[in-house]
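Report on the following structure.
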Amino acid sequence: MRFARIQGKNGAVVCAVDANGAALPVQFGDTGAPVRELQEIIAGGRAALGRLSTSTPAEGGKLLAPITPHRNVFCVGRNYSEHAAEFAKSGFDATGSADGQHVPQYPVVFTKPAATVIASGDPVDPHTDITSALDYEGEIGIIIGKRASKVSRDDAMDYVWGYTLINDVTARDLQRDHKQWFIGKSLDTFCPLGPWAVTADEIDINDLQLQTRVNGELRQDTNTAQLIFDVPTIIESLSAGITLEPGDVIATGTPVGVGIGFDPPKYLVEGDEVIVSAPGLGELRNSIGIPAPVDHLTPVGTSELFVEKTGSGPAVVLIHGLGGATTVYEPQVATLAETHTVLRYDLSGHGRSPFAGPASIDNWVEELRELLDAEGIEQTALVAHSMGTLVANTFAAKYPQRVSKVALLGAVRAQPEAAKSATRARARTVREAGMSAVADTIVAAALSQETHSTRPSSVALVRELLLGQNPEGYASACEALAAAVEPDFSSIDVPILLLTGDEDKVSPVAVNDELLSIYPNAQKHVLDGVGHWHSLEDPSAVTNRLQEFLTKP
């Protein structure tokens with residue numbers, strides 16, 4: 001089987017690639033659980049392949065590397081005799097090999113960090129500030145299928161799960177100058193891998209033609225039969241003292257034809273396209289160029305967040321709730337930006353922030369802390385809506401020195417058991433049928449009668465916000481809300497504004513009265529004719545209340 005990994009609308013999924021090249025999402029047929037990482041299949045052994053089923057339609061989205069190992073990629077150097085000779089003659093081999101003595105007696109092994117792995121189609125950063133000798137190395141990658149320790153050459157192939165393509169991108173000058181290979185081969189983006197991972201039964205590793213083209217010019221064209229150390233020997237040598245784990249990746253070495261083998265050398269430059277290919281393994285395509293930043297996505301810890309920043313002055317961070325996005329606060333931003341630096345962002349898995357795995361209130365709290373650190377903000381006011389109020393409250397309780405004020409729109413508390421069950425049921429519905437299965441029900445219940453009657457644009461905007469959510473991100477957020485634990489509200493002694501609507505069924509007036517009695521320094525205001533989406537149902541009133549609260553000493 002051929003497997004690809006796709007970043008789709010519901011997060012990363014492993015897909016089976018059919019004969020027509022369509023990527024069909026796979027799941028374990030006995031459990032229905034989607035497969036997010038190839039390691040899940042590998043860990044199940046050969047029997048796991050029989051448990052898989054595919055679903056239609058084909059998955060669309062960004063192609064990811066089929067596998068990113070959980071530790072460094074093992075690499076074998078100088079493993080084709082002609083390449084060993086060209087490397088020895090190039091003047092870049094600082095490992096002591098003299099011309100005529102270039103064939104190693106034992107496998108030459110080094111590693112590349114797993115963080116260097118990128119997908120087919122991703123740009124390779126040329127790092128022109130530190131290297132002017134960028135080179136390619138097309139290789140076959142072995143994927144280990146089960147734990148291997150002290151494995152004999154005769155048994156080694158039993159431990160191979162499959163194969164993939166690798167481009168062992170190398171900065172030759174760094175490789176030479178540092179007298180070792182790790183730095184020159186381990187810069188960010190220096191390990192393109194893919195496009196697929198293919199099970200071992202589909203590949204004849206002893207007779208596989210490996211080719212590399214640069215801008216269409218054939219540079220490398222060699223058969224794996226020419227390997228100095230074949231796959232069984234590599235596995236025997238590594239496992240003699242290093243236990244190989246399922247999902248480990250081993251690059252087997254590159255053949256003759258790398259850039260330094262030409263006179264003069266043919267180094268890669270920005271705009272070049274490198275294609276590594278082999279029958280059955282597809283084509284690994286990567287262009288040389290600095291990765292373009294995605295619009296407004298800011299790296300924050302292990303996530304990337306959609307962030308918008310406006311105005312100047314003391315900081316105020318706007319946090320949306322379940323099913324929301326930065327758009328929730330659009331009516332308020334211009335006014336608040338007159339006196340404050342306004343930072344608003346989509347929680348991971350919401351809006352334009354990619355889904356980054358299972359959500360929790362605690363994870364979002366740390367996400368907020370990391371965002372503030374990245375922006376250089378030591379202290380801020382917080383404005384939060386609905387589920388976001390749990391994030392704001394928990395953050396204020398955990399990091400009190402970093403919070404100056406907190407405005408809570410439709411504050412919520414930890415859910416009672418009946419509500420938890422309903423929220424988890426909603427998560428299941430969304431996973432099975434998408435956001436359209438719940439959006440209209442939420443809109444009907446969450447907005448006031450007056451909004452439904454006289455504010456059709458507000459109704460439409462809330463509906464569109466919900467329909468635009470990543471279903472997996474929304475479902476995961478539902479589960480985070482159901483699992484939420486209240487912070488110690490009484491420990492939050494900064495000024496608090498409680499703002500709710502008289503028709504808010506999620507945050508009724510009674511709940512706000514309870515909170516008012518707990519917070520040491522709180523005030524409450526109730527908006528007439530407003531449900532739970534306060535900032536969109538009565539934007540002027542919310543703007544005025546927030547402006548007054550935030551600017552008042």
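The values are calculated or read from the model by the stated rules, or taken from the named source; none is laboratory data. Since the model is a prediction, treat every value here as computed from it, not as a measurement. Counting neighbours? That spans all protein chains shown, and the Cβs are built from the backbone with ideal geometry, glycine included. Side chains are part of the model used for accessible areas, which takes the heavy atoms of the whole protein and leaves out ligands, DNA and RNA. Shrake-Rupley method; radii C 1.70, N 1.55, O 1.52, S 1.80 Å.
Report yes if some residue within the stretch 258-269 is of a type in the set (Lys, Arg), in contact with a Gly (Cβ under 9 Å, 6 or more places away or on another chain) and open to solvent by 50 Å² or more (accessible area, probe 1.4 Å); otherwise report no. Yes, the stretch 258-269 contains at least one residue that is of a type in the set (Lys, Arg), in contact with a Gly (Cβ under 9 Å, 6 or more places away or on another chain) and open to solvent by 50 Å² or more (accessible area, probe 1.4 Å). Within the stretch 409-424, one or more residues are outside any helix (DSSP H, G or I), without any contact (Cβ under 8 Å) to a residue 24 or more places away in the chain and farther than 24 Å from Thr302 by Cα.
Given the stretch 437-553, what helices (runs of 4 or more DSSP H) lie entirely inside it while holding 3 or more residues that are over 24 Å from Ala414 (Cβ atoms)?
Where helices (runs of 4 or more DSSP H) fall fully within the stretch 437-553 and carry at least 3 residues being over 24 Å from Ala414 (Cβ atoms), they are 439-446, 449-454, 456-467, 539-551.
The set of residues in the stretch 2-53 being of a type in the set (D, E, K, R) and at positive phi is empty. Reported count of residues in the stretch 121-153, each being charged (D, E, K, R), closer than 18 Å to Thr212 by Cα and at pLDDT below 95, is 1. No other residue among Phe395, Phe355 is surrounded by 20 or more Cβ atoms within 10 Å (Cβ to Cβ) and modelled with pLDDT under 95 apart from Phe355.
Can you tell me which residue in the stretch 120-140 is surrounded by the most Cβ atoms within 10 Å (Cβ to Cβ), limited to those that are part of a strand (DSSP E or B) and out of contact with any Leu (no Cβ under 7 Å at 6 or more places or on another chain)?
So in the stretch 120-140, the residues part of a strand (DSSP E or B) come out as 124, 134-135, 138-140.
Then keep just the ones that are out of contact with any Leu (no Cβ under 7 Å at 6 or more places or on another chain); that gives 124, 139.
Details: Val124: 26, Glu139: 28.
Checked the stretch 120-140; the qualifying residue surrounded by the most Cβ atoms within 10 Å (Cβ to Cβ) is Glu139.
Condition check ((1) crowded, with 17+ Cβ neighbours inside 10 Å; (2) within 30 Å of Ile235 (Cα to Cα)) across all residues:
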residue: Arg2; (1), (2): yes, yes
residue: Gly11; (1), (2): yes, no
residue: Ala16; (1), (2): yes, yes
residue: Pro34; (1), (2): yes, no
residue: Gln39; (1), (2): yes, yes
residue: Arg51; (1), (2): no, yes
residue: Leu63; (1), (2): yes, yes
residue: Asn72; (1), (2): yes, yes
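Among the residues of the stretch 28-44, those identified as within 10 Å of Thr54 (Cα to Cα) and either among the hydrophobic types (A, V, I, L, M, F, W, C) or within 20 Å of the chain's Cα centre (by Cα) (or both) are Phe28, Pro34.
Taking the conditions exactly as written (open to solvent by 60 Å² or more (accessible area, probe 1.4 Å), over 30 Å from Val494 (Cβ atoms), at pLDDT below 95 and among the small types (Gly, Ala, Ser)), does Ser421 satisfy them or not? When the stated conditions are applied, Ser421 does not pass them.
One line per residue, one yes/no per condition, for (1) of a type in the set (Val, Ile, Thr); (2) in contact with a Gly (Cβ under 6 Å, 6 or more places away or on another chain); (3) within 24 Å of Leu347 (Cα to Cα); (4) open to solvent by less than 30 Å² (accessible area, probe 1.4 Å):
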position	(1), (2), (3), (4)
Pro487	no, no, yes, yes
Leu515	no, no, no, yes
Gly529	no, no, no, yes
Ser540	no, no, no, no
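Scanning the stretch 472-484 for residues that are under 12 Å from Leu322 (Cα atoms) and open to solvent by 10 Å² or more (accessible area, probe 1.4 Å) yields Glu479, Leu481. Tell me, please, whether a residue that is without any contact (Cβ under 8 Å) to a residue 24 or more places away in the chain and either among the small types (Gly, Ala, Ser) or closer than 24 Å to Pro553 by Cβ (or both) can be found in the stretch 377-399. Checking the stretch 377-399: not a single residue is without any contact (Cβ under 8 Å) to a residue 24 or more places away in the chain and either among the small types (Gly, Ala, Ser) or closer than 24 Å to Pro553 by Cβ (or both).
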